[in-house]
2 protein chains.
Amino acid sequence: MSDDVRDRVDAALSGFLDRIEGEWPARAPDDVIGVLRDFVLGGGKRLRPAFCCAGWRAAGGPDTGEVIVAAAALELFHAFALIHDDIIDDSDTRRGAPAVHRRLAGRGPVFGRHAALLCGDLCAAWAEQMFHECGLPPDRIAAAHPILARMRTEVIAGQYLDLAAAAGTVADALQVVRLKGARYTVTRPLQIGARLAGGDDTLGDALAAFGDPLGDAFQLRDDVLGVFGDPDVTGKPALDDLREGKPTVLIALTREALPPARRDRFELLLGDPRLDETGAAVLRGIIVATGALSRVERMIGQRRDAALSALEAAPVPDDVRKELSELTISAIDRNH
Amino acid sequence: MSDDVRDRVDAALSGFLDRIEGEWPARAPDDVIGVLRDFVLGGGKRLRPAFCCAGWRAAGGPDTGEVIVAAAALELFHAFALIHDDIIDDSDTRRGAPAVHRRLAGRGPVFGRHAALLCGDLCAAWAEQMFHECGLPPDRIAAAHPILARMRTEVIAGQYLDLAAAAGTVADALQVVRLKGARYTVTRPLQIGARLAGGDDTLGDALAAFGDPLGDAFQLRDDVLGVFGDPDVTGKPALDDLREGKPTVLIALTREALPPARRDRFELLLGDPRLDETGAAVLRGIIVATGALSRVERMIGQRRDAALSALEAAPVPDDVRKELSELTISAIDRNH
């Protein structure tokens, strides 16, 4: 994503939050909007807005401010998803700073969680508001909204499955990847942008053929970085996923391949909230030794190739194809 | 509200949930949609749909199925608000049955809260989806959506204030009443219905002049019933509000009028999670003795009169005036 688009998305978010602050009805004792402004503008890759803008241009949309506002609304929706995820996962940090439920914990952790729950609800409400008030014609917004609605259900369903299937199979983990990763990060934002520009079903299907494997690969990369990434670069503590026992594809593949003799040690360490670096090194060693890491790397490579092939065949302008190809590489071959 | 409208709203909700179930993307191990169907269709006064339909007819809207779907979407939004409220208040029951976080607590109370958090998120997402897919023209929906967005921010802000101002003043309590009660239950649903039918700002203002005092009175009645109501009739345990120490107008007025000699006893009992019937009787005695109960009853009466006067002056058809007048009486002079 170009810095220019990022700056315009951030300016749209900042302007929207200014307006919301002016209309804010409650004499609440906490600076709720300040906390959310810091969180929303404080980091993040802005991938969803980037894909939304790319989808818009794929359908021939001109360079205009309205689509930036609609794209920025997806980032506000993402803030909702992250805030509620962090409550559920009891994460201390996000984007290298305290999670929202920690920022609001001045009156204790329970208050912090409840306040953050409401902050997430506000971000979800504002995302819809911002999307609908982006300034595009009502019939264009009406054409795109069913995809936004579908995306909302998918990502929450994915989170539910993630929560409920805590010791899941590879198939469960792959479904979470598809719902919480691929569809949410890539395919739906692309399709929303395309619909806003008047794109048809054929274009929507072509964008899914590209976006689904790309998004799967993106999420699988995220899972690998969650265990093997450098916390100084990812902004996420390196032990969180292991301490939480997050049922990723990487972990499910490890479990499948684990010799019975090593199984007990693995299950004992995984999900231990007090896991230290030594224990983490043991877990990483097991994950590598079972071949799970190289299998996931192969899966990422296959999906990247599938995405790039689908992109070749997609009915999109050449400059958009070039940009999406670059986005693909940077989303998959990254260290943060 | 006529039984006919209630039946049509429930049929719309049931049909929508059937469709959602068909599209539900996750192989989740819990019957999430079943739990939500039971909760949404299991009770409730359907006040918001009733006011939305009344607002629609106030603006001259014809009898049509589309507005029923839009009105039913407000009920789905209400399910979201109740589910998250019950998590925050740690309520055991709602509408005479277990709260959603209790229904989902098969794998423990923490899982139940997290699962319910996501269920609330789903209801909020589906409410927007149902509203936008009601079948009315996009420009009508676009005209009404800013009021829906405003309502969403108001009710969440009111809940935040409720959470944060736990030992609040009468002014704080009245602001919560206005945001969580009046605007959310009456004024915004009326205005949304009117906008959907093409109503203008003059009508919207007249509906607010009626709806705000009516809604305040409705919420004040709710607070009185929370302390003095018959649990067999309200469907809510009679001690919940007192055990929680809910900072209502009734409680704030009691605190203001409390002689210092009785203050310690009052604060000791109020908010005690193990409060029993004997302690509750003491609290009720104090609330009555300070005159707080009769002051709230007077406030309710004044607001009912103000609502009925505003209704007399409102530019609405006579049959709508008659219906709203009946809704006013039944919303205020009730025992559940």
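The values are calculated or read from the model by the stated rules, or taken from the named source; none is laboratory data. Being a predicted model, the structure only gives us computed values, none of them experimental. Ideal geometry is used to build each Cβ from the backbone, glycine not excepted, and the neighbour counts take in all protein chains shown.
Quick notes on this one:
- Some residue of segment B:146-167 being more than 29 Å from A:P146 (Cβ to Cβ), touching a residue at least 12 places away in the same chain (Cβ under 8 Å), surrounded by fewer than 24 Cβ atoms within 10 Å (Cβ to Cβ) and more than 8 Å from chain A (Cβ to nearest Cβ): yes
- Per-region count, segment B:130-145, residues within 9 Å of another protein chain (Cβ to nearest Cβ), surrounded by 23 or more Cβ atoms within 10 Å (Cβ to Cβ) and not aliphatic (A, V, I, L, M): 2
- Of all residues in segment B:200-241 being of a type in the set (F, W, Y) and under 18 Å from the mean Cα position of the chain (by Cα), the one that is surrounded by the fewest Cβ atoms within 10 Å (Cβ to Cβ): B:F218
- Residues satisfying the stated conditions in segment B:239-261, i.e. in a loop (DSSP other than H, G, I, E, B), within 21 Å of B:D222 (Cα to Cα) and of a type in the set (A, V, I, L, M, F, W, C): B:L239
Conditions tested, residue by residue: (1) among the aliphatic types (A, V, I, L, M); (2) in contact with a Lys or Arg (Cβ under 6 Å, 6 or more places away or on another chain); (3) within 13 Å of chain B (Cβ to nearest Cβ).
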{"site": "A:D86", "(1), (2), (3)": "no, yes, yes"}
{"site": "A:D90", "(1), (2), (3)": "no, no, yes"}
{"site": "A:T93", "(1), (2), (3)": "no, no, no"}
{"site": "A:A97", "(1), (2), (3)": "yes, no, no"}
{"site": "A:G106", "(1), (2), (3)": "no, no, yes"}
{"site": "A:A115", "(1), (2), (3)": "yes, no, yes"}
{"site": "A:C119", "(1), (2), (3)": "no, no, yes"}
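- Matching option when the condition is of a type outside the set (V, I, T), outside any loop (DSSP other than H, G, I, E, B) and surrounded by fewer than 20 Cβ atoms within 10 Å (Cβ to Cβ), among B:E21, B:E75: B:E21
- The single condition from (1) at pLDDT 95 or above; (2) surrounded by fewer than 12 Cβ atoms within 10 Å (Cβ to Cβ); (3) of a type outside the set (D, E) that A:P259 fails is (1).
- Some residue of segment B:180-194 being within 7 Å of chain A (Cβ to nearest Cβ) and either surrounded by fewer than 24 Cβ atoms within 10 Å (Cβ to Cβ) or within 15 Å of the chain's Cα centre (by Cα) (or both): no
- Matching residues in segment B:89-104 - criterion: being part of a helix (DSSP H, G or I) and more than 27 Å from B:A164 (Cβ to Cβ): B:R103
- Of the criteria (1) free of Cβ contacts under 8 Å to residues at least 40 places away in the same chain; (2) surrounded by fewer than 24 Cβ atoms within 10 Å (Cβ to Cβ); (3) facing chain B (nearest Cβ under 9 Å), which one A:A125 fails: (2)
- All of B:L207, B:L214, B:L203 fail the test of being in contact with a Gly (Cβ under 8 Å, 6 or more places away or on another chain), farther than 22 Å from B:G43 by Cα, of a type in the set (A, V, I, L, M, F, W, C) and modelled with pLDDT of 95 or more, apart from B:L207.
Quick grid of which residues meet (1) surrounded by fewer than 17 Cβ atoms within 10 Å (Cβ to Cβ); (2) small (G, A, S); (3) under 30 Å from A:A206 (Cα atoms); (4) within 20 Å of the chain's Cα centre (by Cα):
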position	(1), (2), (3), (4)
A:R263	yes, no, no, no
A:S294	yes, yes, yes, no
A:E297	yes, no, yes, yes
A:A306	no, yes, yes, no
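- Just one of the listed residues (B:D264, B:D223, B:D232) is assigned to a helix (DSSP H, G or I), touching a residue at least 24 places away in the same chain (Cβ under 8 Å), out of contact with any Cys (no Cβ under 8 Å at 6 or more places or on another chain) and acidic (D, E), namely B:D223.
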